[in-house]
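Visitor: Below is a structure I'd like to ask you about.
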């Protein structure tokens with residue numbers, strides 16, 4: 001049965017307009033993005049099949065160009081549309097955090113970091129540079145790959161902070177494994193960064209570990 005033949009209250013688009021996007025399942029949201037299905041499948045059926053194939057919405061959204069475009073029913077046009085949507089989401093998250101004391105709204109900061117890092121397939125270490133009023137000056141991805149060992153260089157973070165004339169920093173990295181528990185290496189690099197930044201009178205306010213499912217603040221854990 002075509003979606004247009006469903007009762008109005010069950011159609012994803014009408015349901016979104018009536019009840020808001022949060023009322024929709026992952027498959028229903030994806031169906032709105034897809035717009036149409038393929039032969040023998042409605043957009044919702046296709047969305048369910050894609051989620052089953054990829055394992056999760058996050059895995060689909062972070063699929064690389066080659067895998068995404070090779071998937072039946074998808075292609076270059078859909079890949080371009082998806083990348084545009086993701087870029088708009090990141091930019092929106094950046095704008096909502098601008099001119100705001102990040103310490104007054106830690107949830108907004110976490111949403112921002114989750115949008116920027118949560119769906120990456122490799123580890124990314126990033127910095128949020130803040131002014132004296134804890135407002136965002138810049139966001140910068142500093143290092144890629146595992147942060148274990150010597151992959152994160154405190155001197156490079158200090159140099160970037162001085163370049164941005166930052167008074168404080170929040171650092172973050174993602175765990176593609178999905179486990180947001182800070183590791184021994186996470187705690188060690190936090191201490192090293194705090195010490196290095198302290199030498200130039202720049203405060204390290206937090207280190208946030210991000211996954212697709214959520215995030216963990218080392219400051220809230222008392223590990224700073």
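Every number here is computed from the coordinates shown, using simple stated rules; none is lab data. Just so it is clear, the model here is predicted, and its values are computed rather than measured. Cβ atoms come from the backbone with ideal geometry, glycine included; neighbour counts cover every protein chain shown.
Visitor: Taking only Cα atoms of segment 29-134, what ratio of Rg to Rh do you get with Rh as the Kirkwood inverse-distance radius? Let's see the in-between values first.
Guide: On the way: Rg = 16.9 Å, Rh = 15.7 Å.
When Rh is taken as the Kirkwood radius, the ratio is 1.08.
Visitor: Could you check what % of the DSSP bridge pairs in the chain are antiparallel, to the nearest 5? Don't jump to the answer; show the numbers that get you there.
Guide: Details: 17 of 24 bridges.
Here the antiparallel bridges make up roughly 70 percent for the chain.
Visitor: Taking only Cα atoms and a 10 Å spring cutoff, compute GNM fluctuations for the chain and point out the largest among 52, 108, 31.
Guide: Residue with maximal mean-square fluctuation among 52, 108, 31: 52.
Visitor: Now a separate question. Using the count of nearby Cβ atoms within 10 Å as a rough guide to exposure, how do 95, 14 rank from fewest to most?
Guide: On the way: 95 10, 14 14.
With the fewest neighbours first, 95, 14 line up as 95, 14.
Visitor: Which order results if 190, 184 are arranged by neighbouring Cβ count within 10 Å, fewest first? Write down the numbers at each step before the final one.
Guide: Working: 190 20, 184 8.
Result, fewest neighbours first: 184, 190.
Visitor: Moving on to the next point. Taking the 0 to 90 degree range and rounding to the nearest ten, how far is the long axis of helix 184-198 tilted relative to the main principal axis of the chain, both from C-alpha atoms?
Guide: That works out to roughly 50 degrees.
Visitor: I'd like the projected area of segment 3-74, averaged over all directions, using the convex hull of its alpha carbons. Report it in nm² with one decimal. Working shown, then result.
Guide: Working: hull surface 19.4 nm².
Taking the Cα atoms of segment 3-74, their convex hull projects to 4.8 nm² on average.
Visitor: Continuing with the same structure: Taking springs between alpha-carbon atoms closer than 10 angstrom, which of 176, 106, 154 fluctuates most in the Gaussian network model of the chain?
Guide: Comparing 176, 106, 154 in the GNM, the peak value goes to 106.
Visitor: Right, next: Mind sorting 60, 82 by how few other Cβ atoms lie within 10 Å of their own Cβ, fewest first? Walk me through the numbers before you get to the answer.
Guide: On the way: 60 21, 82 16.
The fewest-first ordering by Cβ neighbours comes to 82, 60.
Visitor: The chain: D in µm²/s via Stokes-Einstein (Kirkwood Rh, Cα pairs, 4 °C, 1.567 mPa s)?
Guide: On the way: Rh = 19.3 Å.
After rounding, the answer is 67 µm²/s.
Visitor: With runs of 4+ DSSP H residues as the only contributors, calculate the mean residue ellipticity of the chain at 222 nm using -39,500 (n - 2.57) per run, divided by the residue total and rounded to the nearest 500.
Guide: On the way: 9 runs with 99 residues, N = 224.
The per-residue figure over the chain is -13500 deg cm²/dmol.
Visitor: For helix 43-54, what angle does its Cα long axis make with the longest principal axis of the chain, in degrees from 0 to 90 and rounded to 10?
Guide: For 43-54 against the chain, the angle is about 50 degrees.
Visitor: Return one number: the angle in degrees, 0 to 90 and rounded to the nearest 10, between the long axis of the Cα atoms of helix 106-117 and the longest principal axis of the Cα atoms of the chain.
Guide: Here the helix axis deviates by roughly 70 degrees.
Visitor: Which shape class, rounded, prolate or oblate, goes with segment 100-217 when its Cα gyration tensor gives a ≥ b ≥ c as root eigenvalues, a/c under 1.5 marks rounded, and past that a/b bigger than b/c marks prolate?
Guide: Numbers: a/c = 1.77, a/b = 1.20, b/c = 1.47.
It comes out oblate by the Cα gyration axes.
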